[in-house]
Structures are given as C-alpha cells and as structure tokens.
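A short worksheet on the structure shown next.
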C-alpha cells in the first residue's frame with residue numbers, strides 16, 4: 001500500500017538521479033565522444049586530470065572562491081539578520097529588498113552586472129575615477145580581477161538567502177536571555193558575542209555547510225559573467241566539467257572531474273553529519 | 001536643609017541623565033534605520049540600475065548619475081517584442097513552469113504521505129537515503145542524464161519536465177509538514193472506513209495549504225529561472241525558454257542597445273518578483289523549514 005504512494009516519485013527519482021549517479025562513476029573510467037565507440041581506460045582519466053593545468057587551475061579557483069565568498073556572504077548576511085532582528089519596524093520591506101537578487105533570473109542580472117562591471121563605461125569604474133583612482137580594475141576582462149568579479153557577484157546574490165536562514169534561527173532564541181542580560185547591564189556587543197552567536201551555533205554551522213557546498217557547485221555566474229576567462233583565470237570545477245562534456249564532447253573525462261567534485265561535496269556532507277549529530281536530529 | 005539640597009541636586013542629575021540616555025537611544029535607533037536603509041538600497045541598486053537603464057535612450061545608459069531618466073522611453077518595452085521570439089519564449093516558460101510545479105507538488109506530497117503516515121519496514125532508512133541524495137551535485141548526474149535522454153530523442157520540453165519534476169526536497173518539505181498533522185485524526189477516518197487515498201485527498205491535502213504554497217513558489221522560481229537544464233537540452237529557437245531566449249536577444253543586439261537588453265531583463269524578472277511580494281510569507285517559512293532551496 002505504501003509502495004503505491006512512493007512509487008511514482010521513486011521511479012522518477014531512481015531513473016533520473018540514482019541510476020545517473022552510478023552511471024557517472026562508470027563513465028569516469030571510459031573515453032567517449034558519443035560519435036565513436038566507447039573505450040575503457042581505467043583510471044587514466046584521473047591521472048590525466050591531475051596533470052591537466054586547466055583542471056588544477058579550476059580546482060584552485062574553486063577553493064579560492066569558496067574560502068573567500070563563504071565567509072563574506074555569511075558574515076554580511078548574519079550582520080544584516082542581527083540588525084533586522086533588533087525589533088525594528090518595516091522588517092518586511094528591508095527583508096524583501098535584500099532577498100530580491102536571490103530570486104531574480106541569473107541571466108538577466110548578470111547581463112546587468114556585466115554592464116556595471118564594464119571597464120571603460122561601467123558605473124563602478126566611473127565612480128572609482130570620480131574618487132580619484134588612476135588605474136581602475138578591468139573586472140571581468142582582466143585575469144587578476146575576473147575571479148574577484150565572480151566573488152563579488154555571488155556574495156551579492158547569496159546574502160538574502162542566508163539572511164533568511166539566520167532570521168529564522170534568531171527568532172528561536174528565547175527573549176528572556178536578552179532581558180536578563182540587560183538587567184545585568186550587558187551592552188549590545190556583549191549580547192551578540194555571549195548570547196546570539198553561541199545560541200545560533202547550529203544555524204551558523206548549517207549555513208556554513210550549505211554555503212560551502214553551493215560555492216563548490218558554482219556554475220552559472222562563471223559561465224555567464226566570464227566564461228571562465230580570460231584564459232582559465234576564473235574557471236571553476238563546475239565550468240570545467242561543463243566545458244569538457246558539452247563543448248569538447250569528452251564525456252568520460254568530464255565525468256572523472258565530476259567524480260572529483262562529488263568527492264569534495266561528500267566530504268563536506270560527511271563532516272556535517274558527524275558534527276550535526278550532536279546538535280540537530282532530523283527524525284524525531 | 002543641607003540634606004534637602006543634596007536630594008534636589010541628585011534628582012536633577014538623574015533627570016538629565018535619563019534625558020540624555022533617551023536621546024542616545026533615539027540616536028542609535030535613527031542610525032540603525034539609516035544604516036539598514038543604505039545597505040538595502042546598496043544591495044538592490046543593481047536591480048534599480050537595470051530598471052533605470054531600461055527606460056533610457058541607448059546613449060544615456062552609462063550616464064550613471066542620471067538615475068531617473070531625463071526622457072523616459074517606455075517605447076523600449078514595445079520595441080523588444082518585434083525582435084526575437086520573446087513571446088514564444090515566455091509561453092514556453094509559462095507552460096514548463098506550470099507543468100513542473102503541479103507535478104512536483106502532486107508527486108512529492110503523495111510520496112511524503114507514505115513517509116509520514118503509513119508504517120512500513122525500513123521506512124525511515126529509505127527516507128534518510130532519499131534526503132541524502134539532495135547533496136548530489138547536478139554536475140555529477142547531468143552527463144549520464146544527457147546521454148540517456150539524448151539516446152531516446154525526447155522532445156526537449158519533456159526531457160526538462162522529467163529532470164525537474166522529481167524533487168526530493170519536496171518530499172522532505174511535505175513530510176516535515178505532515179508529521180505535525182495528528183495521527184488521531186487519520187485513525188478516526190480509517191475507522192470510518194476511508195481508504196488511504198481518500199484520507200490523503202480529503203483530509204491531508206486540504207490541511208497542507210502552507211506546504212503546497214511553499215513548494216509551489218520554490219518550484220516556480222526554480223523552473224522559471226532555470227538556465228542550465230534548458231541550456232543542455234534546447235537548441236531550436238521555438239523551444240527556448242525565457243532564459244535562453246533572453247540570452248539570444250543579448251547576443252543579437254545591434255550595437256549598444258543596452259536599454260533594450262535591460263527592458264527584456266526587467267520583463268523576465270518581474271513575474272517572479274511579483275509572486276514573491278504576494279507570497280513571501282510562505283517562501284520564507286519554506287526556507288526556514290528546509291534550509292534548502294531547489
């Protein structure tokens with residue numbers, strides 16, 4: 001009986017998620033371009049990956065992207081959430097404005113950002129020139145700045161989402177803790193450090209995990225803002241995989257790099273499970 | 001007399017101290033509102049810039065001090081429709097969004113009912129397994145999916161529906177919600193001889209409006225904004241969704257017609273923003289409940 005309820009969803013899930021995952025591991029051991037017959041190559045794809053300059057640059061960029069964009073996003077969104085939670089009026093208006101970027105079409109907003117980042121005419125560089133900068137950054141078209149542009153965009157894009165997660169966490173902190181701290185003469189900073197952040201520990205940890213996973217998966221902003229360029233200067237794992245599979249038709253090689261990405265994300269998820277056991281239980 | 005004197009000065013001191021404290025509190029409040037307004041405006045400014053540019057002449061687009069256009073060009077919003085297949089792109093997106101949203105809500109609520117309300121062996125183990133696949137990145141499964149779906153040569157829209165309709169997140173969200181529906185209610189219905197299907201249909205679903213709306217908004221936003229799945233499966237202009245159609249529009253600009261590009265961008269963003277403004281309560285609750293998104 002239960003099966004009839006689960007089967008419709010489970011069938012699709014099996015066909016479009018489970019089977020593909022298994023198939024991806026198999027594909028990572030072959031060389032295949034769709035047109036010619038598949039050849040089994042064992043672990044050769046992985047050996048090639050770790051000698052492939054473009055892959056190593058993408059891997060390094062993914063790590064740099066994650067360790068910079070995640071703290072930036074979380075600190076800013078936590079700061080905003082704490083301020084919004086301090087009993088102000090009009091919270092819905094502020095919350096909506098900050099959340100808007102997160103639900104806007106990435107194709108649309110990135111085209112706007114490309115114009116905003118425009119080296120010669122964009123508003124950012126016009127402003128910098130007004131402020132007296134002589135050599136303005138080349139943003140998306142300069143090797144040293146392209147990844148920075150992606151980080152700025154993604155931080156801007158993600159803040160609203162994590163702000164909502166933090167706001168939900170803040171609501172569940174009992175208000176009597178703050179009341180007794182006020183009686184003891186604590187100032188707002190002491191309350192933040194001694195009550196808010198410890199009580200929000202599980203939420204912060206959870207947001208950290210989700211944000212890191214999303215950072216390793218980043219694809220659209222890179223594809224649409226810089227196409228990984230100039231050169232490979234802003235290529236990340238997600239873009240590397242996409243390009244090897246759907247531009248170069250190297251499905252086996254691309255699958256091998258996807259397996260590397262999967263391993264990284266599984267490691268993060270595993271850490272989450274280990275730590276979260278102490279804090280949260282999904283099933284009660 | 002002496003005592004009275006000190007008494008008087010003390011109360012006076014307390015009075016001024018209270019007054020200055022009140023001023024300090026008010027100043028702090030004001031600074032807080034000012035700061036939050038600046039931050040919100042800074043965050044939303046690229047969207048304001050986009051809207052402002054869409055109403056300018058193409059020459060004025062990069063005049064960034066001109067936030068309110070000198071000559072408002074509403075005609076930009078008329079011009080864009082003659083260019084590419086934007087109307088068809090919108091229709092395709094609306095069609096896919098409706099089908100996939102309804103599909104996700106029905107399929108996941110159905111499965112979640114069993115996970116929450118019917119006892120069967122290894123139920124919770126299967127559920128944990130289900131949820132653990134949420135962390136599988138799309139980049140891992142997209143290549144096998146592509147190979148399989150290409151080899152059976154499905155219509156691109158059907159391929160997109162199949163890929164997006166089975167969302168484990170929906171099962172998770174509905175299960176969490178159904179767990180709060182008291183078992184007694186269902187048990188008494190069972191005693192009255194209602195089948196599980198009737199209970200699901202007549203009791204559980206009507207109670208689940210907030211969950212249906214939350215998943216519904218998640219799905220609408222995810223499908224409307226989907227770029228990568230459409231990118232992989234759609235080649236022909238007449239099949240393109242708004243995201244791909246918009247991309248072709250951008251690549252076919254004749255010269256610096258960035259005002260028209262921004263008009264298209266605004267049109268693609270407006271439906272989702274309106275929906276969000278109307279239904280944000282459910283969306284926010286949904287995010288808080290799942291902590292995850294599509």
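The values are calculated or read from the model by the stated rules, or taken from the named source; none is laboratory data. Because the structure is predicted, anything quoted here is derived from the model rather than measured. Please note: Cβ atoms are built from the backbone with ideal geometry, for glycine as well, and neighbour counts cover all protein chains shown.
Quick rundown of the values:
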{"quantity": "Near pairs, Cβ below 6 angstrom, 6+ apart or cross-chain, from segment A:197-224 (more than 10 Å from every other protein chain (Cβ to nearest Cβ) and farther than 20 Å from residue A:264 by Cα) to any residue that is surrounded by fewer than 21 Cβ atoms within 10 Å (Cβ to Cβ) and at pLDDT below 90", "calculated": "A:199/A:173; A:202/A:279; A:202/A:280"}
{"quantity": "Hits in segment B:113-146 - residues which are more than 7 Å from chain A (Cβ to nearest Cβ), free of Cβ contacts under 8 Å to residues at least 40 places away in the same chain and under 26 Å from residue A:237 (Cβ atoms)", "calculated": "B:129, B:132"}
{"quantity": "Residue within segment B:63-86 that is assigned to a helix (DSSP H, G or I) and closer than 30 Å to residue B:214 by Cα present", "calculated": "yes"}
{"quantity": "Selection count, segment B:280-294, where residues are part of a helix (DSSP H, G or I) and either within 11 Å of the chain's Cα centre (by Cα) or more than 8 Å from chain A (Cβ to nearest Cβ) (or both)", "calculated": "10"}
{"quantity": "Test: residue in segment A:121-140 that is within 9 Å of another protein chain (Cβ to nearest Cβ), surrounded by fewer than 17 Cβ atoms within 10 Å (Cβ to Cβ) and not in a helix (DSSP H, G or I)", "calculated": "yes"}
{"quantity": "Hits in segment B:46-59 - residues which are surrounded by 17 or more Cβ atoms within 10 Å (Cβ to Cβ) and part of a loop (DSSP other than H, G, I, E, B)", "calculated": "B:55, B:56, B:58"}
{"quantity": "Residue match in segment B:164-173 (condition: surrounded by fewer than 20 Cβ atoms within 10 Å (Cβ to Cβ) and assigned to a helix (DSSP H, G or I))", "calculated": "no"}
{"quantity": "Condition check for residue B:229: at pLDDT 90 or above and at the interface with another protein chain (Cβ under 9 Å from one of its Cβ atoms)", "calculated": "no"}
{"quantity": "Yes/no for residue B:215 being touching a helix residue (DSSP H, G or I) at 6+ places or on another chain (Cβ under 8 Å), at pLDDT 90 or above, assigned to a helix (DSSP H, G or I) and more than 10 Å from chain A (Cβ to nearest Cβ)", "calculated": "yes"}
{"quantity": "Residue in segment A:101-116 that is within 30 Å of residue B:272 (Cβ to Cβ) and over 21 Å from the mean Cα position of the chain (by Cα) present", "calculated": "yes"}
{"quantity": "Those residues of segment A:253-266 which are surrounded by fewer than 24 Cβ atoms within 10 Å (Cβ to Cβ) and touching a helix residue (DSSP H, G or I) at 6+ places or on another chain (Cβ under 9 Å), in sequence order", "calculated": "A:259, A:260, A:261, A:262, A:264, A:265, A:266"}
{"quantity": "Checklist (1) buried (at least 17 other Cβ atoms within 10 Å of the Cβ); (2) in a helix (DSSP H, G or I); (3) more than 24 Å from the chain's Cα centre (by Cα) applied to residue A:158, failing item", "calculated": "(3)"}
{"quantity": "Considering residues of segment B:99-151 that are outside any helix (DSSP H, G or I) and in contact with a helix residue (DSSP H, G or I) (Cβ under 9 Å, 6 or more places away or on another chain) only, the residue surrounded by the fewest Cβ atoms within 10 Å (Cβ to Cβ)", "calculated": "B:119"}
{"quantity": "Out of A:210, A:173, sole residue that is in a helix (DSSP H, G or I) and crowded, with 16+ Cβ neighbours inside 10 Å", "calculated": "A:210"}
{"quantity": "Which numbered condition residue A:10 misses (of (1) farther than 19 Å from residue A:261 by Cβ; (2) under 26 Å from the mean Cα position of the chain (by Cα); (3) within 11 Å of another protein chain (Cβ to nearest Cβ))", "calculated": "(2)"}
{"quantity": "Helices (runs of 4 or more DSSP H) contained entirely in segment A:1-111, each with at least 3 residues that are at pLDDT below 90 and buried (at least 20 other Cβ atoms within 10 Å of the Cβ)", "calculated": "A:2-13"}
{"quantity": "Only one of A:190, A:249, A:276 that is closer than 25 Å to residue A:29 by Cβ, over 17 Å from the mean Cα position of the chain (by Cα) and surrounded by fewer than 20 Cβ atoms within 10 Å (Cβ to Cβ)", "calculated": "A:249"}
{"quantity": "Subset of segment B:13-55 [under 30 Å from residue B:80 (Cα atoms) and more than 12 Å from every other protein chain (Cβ to nearest Cβ)]", "calculated": "B:55"}
{"quantity": "Sole residue being more than 11 Å from chain A (Cβ to nearest Cβ) and either assigned to a helix (DSSP H, G or I) or touching a residue at least 60 places away in the same chain (Cβ under 8 Å) (or both), chosen from B:269, B:264, B:223, B:277", "calculated": "B:223"}
{"quantity": "Test for residue B:154: is it under 19 Å from residue B:230 (Cβ atoms) and more than 11 Å from every other protein chain (Cβ to nearest Cβ)", "calculated": "yes"}
